[in-house]
Number of protein chains: 2
Amino acid sequence: MSDTIGPEIQRLIELVGKLPGFGPRSARRAVLHMLKKREQLLGPLADALNEAGAKIVDCPVCGNYDTVSPCSVCRQPGRKDALICVVEDVSDLWAMERAKAFDGRYHVLGGVLSAIDGIGPDELNIAALISRVEAGGIEEVVLALDATTDGQTTAAYIADRLPPSAVNVTRLAHGVPVGGDIDHLDDGTLATALRLRRGMG
Amino acid sequence: MSDTIGPEIQRLIELVGKLPGFGPRSARRAVLHMLKKREQLLGPLADALNEAGAKIVDCPVCGNYDTVSPCSVCRQPGRKDALICVVEDVSDLWAMERAKAFDGRYHVLGGVLSAIDGIGPDELNIAALISRVEAGGIEEVVLALDATTDGQTTAAYIADRLPPSAVNVTRLAHGVPVGGDIDHLDDGTLATALRLRRGMG
């Protein structure tokens, strides 16, 4: 193998294998596909990566990725400046934007607290969030973190550190997912949805 | 979505989504991962793609991908020049090399005949194979093509077109895969393995 596949291809397979969802086998397959379509795929992908690498920066305000700084979400007029949605990652920010259900600003933590992975408050973008709130003008902080132990630990940690009376700290509602089957739902969600049941009116 | 994700990132997601095994969702995840690890992953990957795009060429003899032309397999001393293994794709050449069971030269077709996909003999690297054999010095051509209808149709087509008496045309053996469970095997393979059973001696 090593003497019949050149080092340039080996290196490419190794790097593609670091992407989420890839193993050595699927990385080989993806690299072969790119090598087969050098004009249509490999070249444009190299250009797009170069451009992204050169232009994209972390937004200094919210932590989003964009080519402008502050990012286009932070700049967008018509959003409520007094409302901040705290998310774990940029992927969650994108998911919120796809849902078109939020018209405030964001704050990306860059992860959640995790004893197992050794991620403490200093590894996350928490100090900047507290500064944003302390600077004033914020009425509500929505902690839109995963409903996992780490996500909820992080939410509790942040809620504790935000200046109390100054700001209303909320979290996403729990319940039956829209379009979800009752009989496929886990017991915890079902129990929560039942406890938090609402009038039909 | 479109107004909050910049065009550079959109383009990157679109291109990554064209890789085998990726959908829009996993492409987004891979791109976010790259954007998060710009120094360690996005930059090196862009460099590796640029280098591959600039250096790698199709071997004019066998169709393999390499930075040298003819490729390093075609150049490697000690291989039997009289023995050619015909494979569908470079991935099959790599698989044969990993198995370390073949010491001849290769010929990559770049696909198989397929009525559904509209791939005829002219789309494949078949004429070059016939020229190689007609040039003389070849004793055996092993058709290592998939045991699918298209693979076997292609094998039969090539066998018909090679100069008859001049060269011995063979194909890979069918049978129980090494390490394979009998009770998980499909009926066709099992029937073939039984029909082609061999003495224990």
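The values are calculated or read from the model by the stated rules, or taken from the named source; none is laboratory data. The model shown is predicted, which means the values in this text are computed figures rather than measured ones. Ideal geometry is used to build each Cβ from the backbone, glycine not excepted, and the neighbour counts take in all protein chains shown.
Brief remarks on what is shown
- Extreme residue, surrounded by the most Cβ atoms within 10 Å (Cβ to Cβ), among residues of the range A:86-103 that are within 22 Å of A:VAL167 (Cβ to Cβ) and either among the charged types (D, E, K, R) or away from chain B (no Cβ under 13 Å) (or both): A:VAL86
- Against the conditions (1) over 18 Å from the mean Cα position of the chain (by Cα); (2) in the same structural domain as B:ALA156 (by TED's automatic domain parsing); (3) among the small types (Gly, Ala, Ser); (4) part of a helix (DSSP H, G or I), B:ALA95 satisfies every one except (1).
- The range A:1-59: number of residues that are among the small types (Gly, Ala, Ser), more than 19 Å from B:GLY21 (Cβ to Cβ), over 22 Å from the mean Cα position of the chain (by Cα) and assigned to a helix (DSSP H, G or I): 2
- Screening A:ARG198 against (1) of a type in the set (Lys, Arg); (2) under 23 Å from the mean Cα position of the chain (by Cα); (3) farther than 20 Å from A:MET96 by Cβ leaves a single unmet condition, (2).
- Among the residues of the range B:167-188, those that are within 30 Å of B:ALA127 (Cβ to Cβ) and surrounded by 12 or more Cβ atoms within 10 Å (Cβ to Cβ) comprise B:VAL167, B:ASN168, B:VAL169, B:THR170, B:ARG171, B:LEU172, B:HIS174.
- Hey, B:SER131 of a type outside the set (D, E, K, R) and either closer than 27 Å to A:VAL31 by Cα or part of a loop (DSSP other than H, G, I, E, B) (or both) or not: no
- If you go through the range B:29-41 and keep only what is at the interface with another protein chain (Cβ under 7 Å from one of its Cβ atoms) and more than 18 Å from A:ILE13 (Cβ to Cβ), you end up with B:ARG29, B:LEU32, B:LEU35, B:ARG38.
- Filter result (farther than 18 Å from A:ARG28 by Cα and at the interface with chain A (Cβ under 7 Å from one of its Cβ atoms)) within the range B:43-54: B:GLY43
- Applying the criterion of being modelled with pLDDT of 90 or more and surrounded by 14 or more Cβ atoms within 10 Å (Cβ to Cβ) to the residues of the range B:146-155, the residue that is nearest to the chain's Cα centre (by Cα) is B:GLY151.
- When residues of the range B:47-62 are limited to those that are closer than 24 Å to B:VAL141 by Cα and either without any contact (Cβ under 8 Å) to a residue 24 or more places away in the chain or out of contact with any His (no Cβ under 6 Å at 6 or more places or on another chain) (or both), the one surrounded by the fewest Cβ atoms within 10 Å (Cβ to Cβ): B:PRO60
- Only one entry in A:TYR106, A:TYR65 is more than 8 Å from every other protein chain (Cβ to nearest Cβ), surrounded by 17 or more Cβ atoms within 10 Å (Cβ to Cβ) and hydroxyl-bearing (Ser, Thr, Tyr), namely A:TYR106.
- Subset of the range A:98-127 (residues that are out of contact with any helix residue (DSSP H, G or I) (no Cβ under 7 Å at 6 or more places or on another chain) and either touching a residue at least 60 places away in the same chain (Cβ under 8 Å) or assigned to a strand (DSSP E or B) (or both)): A:GLY104, A:ILE119, A:ASN125
- Only residues that are of a type outside the set (Ser, Thr, Tyr), assigned to a loop (DSSP other than H, G, I, E, B), within 18 Å of the chain's Cα centre (by Cα) and outside the structural domain of A:THR153 (by TED's automatic domain parsing) were counted across the range A:60-92, and they come to 7.
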